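The values are calculated or read from the model by the stated rules, or taken from the named source; none is laboratory data. Note that the structure is predicted; figures quoted are calculated from it, not measured. Please note: Cβ atoms are built from the backbone with ideal geometry, for glycine as well, and neighbour counts cover all protein chains shown. Accessible surface areas use protein heavy atoms only, side chains included; no ligands, DNA or RNA. Shrake-Rupley method; radii C 1.70, N 1.55, O 1.52, S 1.80 Å.
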Amino acid sequence: MTQSLQIFTSATRSPGISLSKHSLSKPSPSTAAFRFPLSFTKSSIRASSSPDSNPLSSAFTSQVLVSENGSTGGGGALSSSVTREFVPVMSDSTAIEVDTVTEAELKENGFRSTRRTKLVCTIGPVTCGFEQLEALAVGGMNVARINMCHGTRDWHRMVIERVRRLNEEKGYAVAIMMDTEGSEIHMGDLGGASSAKAEDGEIWTFSVRAFDSTLPERTINVNYEGFAEDVRVGDDLLVDGGMVRFEVIEKIGPDVKCLCTDPGLLLPRANLTFWRDGHLVRERNAMLPTISSKDWLDIDFGIAEGVDFLAISFVKSAEVIKHLKSYIAARSRGRCSDISILAKIESLDSLNNLEEIILASDGAMVARGDLGAQIPLEQVPLVQQKVVQLCRQLNKPVIVASQLLESMIEYPTPTRAEVADISEAVRQRSDALMLSGESAMGQYPDKALAVLRNVSLRIEKWWREEKRHEPMELPEVGSSSSDSILEEICNSAAKMANNLEVDAIFVYTKTGHMASLLSRCRPDCPIFAFTETTSVRRRLNLQWGLIPFRMSFSDDMENNLNKIFLLLKARNLIKSGDLVIAVSDMLQSIQVMNVP
């Protein structure tokens, strides 16, 4: 049977009631019809029950569809290649696409086994090959990040092309994030070297001069021309958020001589900060633009290449994000822009204007490395929790990044403290976790990704087993009556899903907004998000709990459900008797049903 809750506008309000978990069974055949009112703040709901129509109409029974990224077989295991089995199809309108790895997980382990926390991998020299990218995709990579601090645009274009080819040929849905360099003070490229080791007690020279030939030994270029003027003897110079520390001991014209006090690995274009008397010296940084001239060229490159996300470094105010969105819209020349803007929270300015920045952005990243160089280290965990909670309240995806598995750059196993750090980020219900150097230049990128995946799965399973439905207050984020209705529908659908212990929530969404609202509620069950466009499908891959599918659908909800039941059953992704809740941003309703 199908039970639906349909929204209608009413001048009167009805007394509200709640649905207990015994309202439906798995399955529960019935032919009795009933109506009852529910009340929301700005609207009321009418619920009705009616017998199911036959989902396997004559138009669907003659042929079985398999999309280009999977097969109709039974349970399958994860593998780096996909065997495609093609059978006659009716029309392109019946095609459905789902990520190959997710499909295999659903077949092998069922609904509850799917990982809700998404994984972002930074691509670098050790993972830029097609086979290495595929290994990351098989391991659970949802988003591939390219960092414009390193490499040429031609190199980044090659990575983008390989990820796109991987999606097309192998059936993945990996999104692409481009991270800008930002205009904060940073080192040069180390004369072409991939890294350099600074040892305790060594004297290094930081210089703003341009060298015509090879850099002298233990010499580092600095991009900020006023660097030698601003620093003072006795200042502490922190590289890459404190991974290496120097003390300024002498200034000679454009050169600053520094003593290494905390040894470590120096990486090209690493961020530089300097401290004086225990305080961050930030006056000059505050005067630098958020988006540099190089960043604007990189942004043009990202627009031309069609990246899914732009992560903007060292965001100081909401105006920067608004200006960038206007620029992208103008560059799109009237075409719909599908690039989401993520604000990197990594400076004091970001924290001072946090809510305004997040509201203006499409999401945020807690960049803990650089953030830890600008605030006391003991404050970083509190800031992380604050940003994660605020993003969820404002319905913006959030990524926790930097040094999650730093030790695995060199070692095959993580420290126990790193595992605990990852666990806490998952417990905070972050949308995504990100690998940086671990996957870009580390010796064990696949193992590092496996640690993220396994820890996420275990903590999520524990959360569901303990029934930890946190009582977080989710404020209304919509600006119109229709937005408010959608929010109420999603909040109610998520509560019903937990109370009824449904197997999945189905959401039909053209823009991805309603799927995002459901993700914000963090229900126990996975959310199957059906959308018509490839770009929306990839962007949804960053958000907690969403399994994005691409398929065409109509405004007829019953027809959509009939079609999706047929297609998913043909691929053994659902079975008769599964209990699902269906919602749509085209039809304001909640439908609860057993799969026929």
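Taking the numbered list (1) under 24 Å from the mean Cα position of the chain (by Cα); (2) closer than 23 Å to Asn109 by Cβ; (3) surrounded by fewer than 23 Cβ atoms within 10 Å (Cβ to Cβ) in turn, Thr511 passes all entries but (2). Lys575 meets all of the listed conditions (1) open to solvent by 10 Å² or more (accessible area, probe 1.4 Å); (2) touching a residue at least 24 places away in the same chain (Cβ under 8 Å) but one, namely (2). In region 185-227, the residue that is most open to solvent (accessible area, probe 1.4 Å) out of those that are of a type in the set (A, V, I, L, M, F, W, C) and touching a Pro at 6+ places or on another chain (Cβ under 6 Å) is Val208.
For region 205-225, residues that are more than 21 Å from Leu259 (Cα to Cα) and β-branched (Val, Ile, Thr) total 1. Would you confirm, using the coordinates I've provided, whether Glu465 is surrounded by fewer than 18 Cβ atoms within 10 Å (Cβ to Cβ), out of contact with any helix residue (DSSP H, G or I) (no Cβ under 9 Å at 6 or more places or on another chain) and without any contact (Cβ under 8 Å) to a residue 24 or more places away in the chain? Answer is yes for this residue.
Can you say whether Lys495 is more than 23 Å from Cys391 (Cβ to Cβ), of a type in the set (Lys, Arg) and either modelled with pLDDT of 90 or more or not assigned by TED's automatic domain parsing to the domain that holds Val388 (or both), as far as the supplied structure shows? Criteria not met by Lys495. Ile489 meets the conditions (1) of a type in the set (A, V, I, L, M); (2) surrounded by fewer than 24 Cβ atoms within 10 Å (Cβ to Cβ); (3) farther than 28 Å from Val400 by Cβ in every case but one. The failed one is (2). Is it fair to say Ala137 is farther than 21 Å from Ile341 by Cα, under 19 Å from the mean Cα position of the chain (by Cα) and surrounded by 20 or more Cβ atoms within 10 Å (Cβ to Cβ)? So Ala137 passes the test. Mind listing whichever residues of region 551-570 are surrounded by fewer than 22 Cβ atoms within 10 Å (Cβ to Cβ) and either within 24 Å of Lys495 (Cβ to Cβ) or of a type in the set (D, E, K, R) (or both)? Hits for region 551-570 are Asp555, Asp556, Met557, Glu558, Asn560, Lys569. Can you confirm whether region 539-548 contains a residue that is touching a Gly at 6+ places or on another chain (Cβ under 9 Å) and small (Gly, Ala, Ser)? For region 539-548, residues touching a Gly at 6+ places or on another chain (Cβ under 9 Å) and small (Gly, Ala, Ser): absent.
Considering Ala448, Ala425, Ala432, Ala420, the condition of being among the small types (Gly, Ala, Ser), open to solvent by 20 Å² or more (accessible area, probe 1.4 Å) and at pLDDT 95 or above is satisfied by Ala420 alone. Within region 533-543, the set of residues being closer than 21 Å to Asp483 by Cα and surrounded by fewer than 23 Cβ atoms within 10 Å (Cβ to Cβ) comprises Val536 only. For Thr531, the criteria (1) out of contact with any Gly (no Cβ under 8 Å at 6 or more places or on another chain); (2) free of Cβ contacts under 8 Å to residues at least 24 places away in the same chain; (3) polar (S, T, N, Q) hold in every case but one, which is (1). I'd like to check something: does region 263-280 contain any residue that is within 21 Å of the chain's Cα centre (by Cα) and of a type in the set (D, E, K, R)? So far as region 263-280 goes, no, none of its residues is within 21 Å of the chain's Cα centre (by Cα) and of a type in the set (D, E, K, R).
In this structure, is Asp349 touching a residue at least 12 places away in the same chain (Cβ under 8 Å), under 19 Å from Ile312 (Cα atoms) and either assigned to a loop (DSSP other than H, G, I, E, B) or polar (S, T, N, Q) (or both)? For Asp349, the condition - touching a residue at least 12 places away in the same chain (Cβ under 8 Å), under 19 Å from Ile312 (Cα atoms) and either assigned to a loop (DSSP other than H, G, I, E, B) or polar (S, T, N, Q) (or both) - is not met. Looking only at residues in region 354-378 that are at pLDDT 95 or above and surrounded by fewer than 22 Cβ atoms within 10 Å (Cβ to Cβ), the one that is nearest to Thr511 (Cα to Cα) is Asp362.
Just give me the residues in region 472-508 being of a type in the set (Val, Ile, Thr), under 21 Å from the mean Cα position of the chain (by Cα) and within 22 Å of Met557 (Cα to Cα), in sequence order. Scanning region 472-508 gives Ile505, Val507.
If you take just the helices (runs of 4 or more DSSP H) that sit entirely in region 274-340, which of them hold at least 3 residues that are modelled with pLDDT of 85 or more?
Numbers: elements: 283-287, 293-305, 318-331.
Because the criterion is at least 3 residues that are modelled with pLDDT of 85 or more, the helices (runs of 4 or more DSSP H) in region 274-340 that meet it are 293-305, 318-331.
Please indicate, with yes or no, whether at least one residue in region 538-555 is charged (D, E, K, R), under 20 Å from Thr117 (Cα atoms) and touching a strand residue (DSSP E or B) at 6+ places or on another chain (Cβ under 9 Å).
yes
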